[in-house]
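Inspection log for the structure reproduced underneath, given as structure tokens.
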Amino acid sequence: MNVEFLGGTREIGRSAILVDDSLLLDYGMATGNPPSFPVGDPDPDAVVVSHGHLDHVGAVPSLLSGDARPPIHWTPPTRDLTRVLAEDTLKLRGGSYDCPFTHTEVKRMSQVSETHGYGETFTAAGYEVTFFDAGHIPGSAHVLVNDGETRLLYTGDFHTADTQLLSGTTARPDADIVITESTYSDVDHDPRGEVEKSFAESVRTTLWEGGTVVVPAFAIGRTQEMLMVCEAHDIDCYVDGMGQQVTEIARQYPEFVRDADALGRAKSNARFVTGRDGQRRRIADKNTVVVTTSGMLSGGPAMTYVPEIRANPTNKLAFTGYQVEGTPGRELLDRGRAEIDGRVMPVSAQVEAYDFSAHADRDGLLDFLDSYRDAEILVNHGDRCESFAEELRGEGFEASAPELGERITTT
């Protein structure tokens, strides 16, 4: 089996792995200005997608240009989330070099789409492929590829701990080769229950003092998690941005979430924001909580809420995810000011950060990989892939960190 790494190596973003020049696993983009895409020009016989985040699906429609029509295999939520992300990319970047596809390619996805549930084995480009629940976002999957001689497990992104939204992965299918993510290979997450309790107590304090709490959250996975946390702790809230649409998608597939009834209660507890007639500014003046995109303050309705609440030290910004270097969210955490919607703004409101990560931490990664001590481990999707591979070798694993464009022949 030949495995070629077209992206996602020693970095987070543009994940893309080509097996035997035939089967493509993911085809993402790395957000940035400008964004970057996988290297090479693959012409796969079939595509298998692990989950619906931009860094794994952002460039998928471009595979359908010209005469190319490879079938795309994914879970139903991943199919729907990919369309939402593609339409948003067209809205933001369509018609420019920063968007490698058009509305035509997005429409073609429905023509070649083939959906599968967890545990169902299907055929793609001549391989037997099976999805297993990865516990990352609704519909996320580990991908097991079997050519009859070699079993390749592509972990995608995964989480081993339970959250309000999802159960942690328990799948450990037999494999000869494991391509593993390593996002938090040097981080130990605090227990989720403690993080939730701390967040809820902080929010209640601000509300009691008469302030407004803005909760920047990623639209996919994180927004739904925060709505469920708010409902579980009896906190009323608003929800704004793309997260509203994603919440509706998640509710359509109850088998892909931990507790569909709890998600329904969370949706009912949250008031959806339309944004019409100055609604966002009125909400910002209320003694309330609003969960909104974007999670790193790089766009979305947050561009209205932050300027409205920033001057009052009673108000609060509560980040719920990692803030990438160079983003306004990171600038705000580090310096107390950030460029918001084209203006550099000092923020007097309180700024806090909570670790609601949907990725396995160091202990979770090691626990998962402990089932694969006899397999070859290929480390990707992280900022310290080489260091983590070296640490794994010190623990007795056969591990390496492929480079961008590297082609590995497995035995």
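The values are calculated or read from the model by the stated rules, or taken from the named source; none is laboratory data. Keep in mind it's a predicted model, so treat the numbers as computed, not measured. Heads up, the Cβs are rebuilt from the backbone with ideal geometry, glycines too, and the neighbour counts pull from every protein chain shown. All accessible areas refer to the heavy atoms of the entire protein, side chains included, with ligands and DNA or RNA removed. Shrake-Rupley method; radii C 1.70, N 1.55, O 1.52, S 1.80 Å.
Of all residues in the range 370-388 being more than 14 Å from Thr183 (Cα to Cα) and touching a Ser or Thr at 6+ places or on another chain (Cβ under 7 Å), which is most open to solvent (accessible area, probe 1.4 Å)?
Filtering the range 370-388 for residues that are more than 14 Å from Thr183 (Cα to Cα) and touching a Ser or Thr at 6+ places or on another chain (Cβ under 7 Å), the one most open to solvent (accessible area, probe 1.4 Å) comes out as Glu376.
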## Note on the structure
Here the residues within the range 67-99 that are under 15 Å from Val47 (Cβ atoms) and open to solvent by 40 Å² or more (accessible area, probe 1.4 Å) are Arg69, Arg79, Arg83
### Hits in the range 220-240 - residues which are closer than 15 Å to Tyr305 by Cβ and open to solvent by 10 Å² or more (accessible area, probe 1.4 Å)
Tyr238
#### Entry: Where Glu194 falls short, out of the listed (1) touching an Asp or Glu at 6+ places or on another chain (Cβ under 9 Å); (2) over 24 Å from Val324 (Cβ atoms)
(1)
### Query
Has the range 315-328 got at least one residue that is under 22 Å from Asp157 (Cα atoms), under 26 Å from the mean Cα position of the chain (by Cα) and modelled with pLDDT of 95 or more?
yes
### Message
Suppose we keep only residues that are under 13 Å from Thr223 (Cα atoms) and touching a Pro at 6+ places or on another chain (Cβ under 8 Å) within the range 241-262. Which one would you say is surrounded by the fewest Cβ atoms within 10 Å (Cβ to Cβ)?
### Response
Ile249
### Query
Out of the residues in the range 1-24 that are among the β-branched types (Val, Ile, Thr) and in a loop (DSSP other than H, G, I, E, B), which is surrounded by the most Cβ atoms within 10 Å (Cβ to Cβ)?
Thr9
### Contacts under 8 angstrom Cβ, first residue in the range 390-411 being on the phi > 0 side of the Ramachandran plot, partner open to solvent by 80 Å² or more (accessible area, probe 1.4 Å), 6 or more apart
Gly396/Arg373
### Query
Would you call Glu181 of a type outside the set (A, V, I, L, M, F, W, C) and open to solvent by less than 10 Å² (accessible area, probe 1.4 Å)?
yes
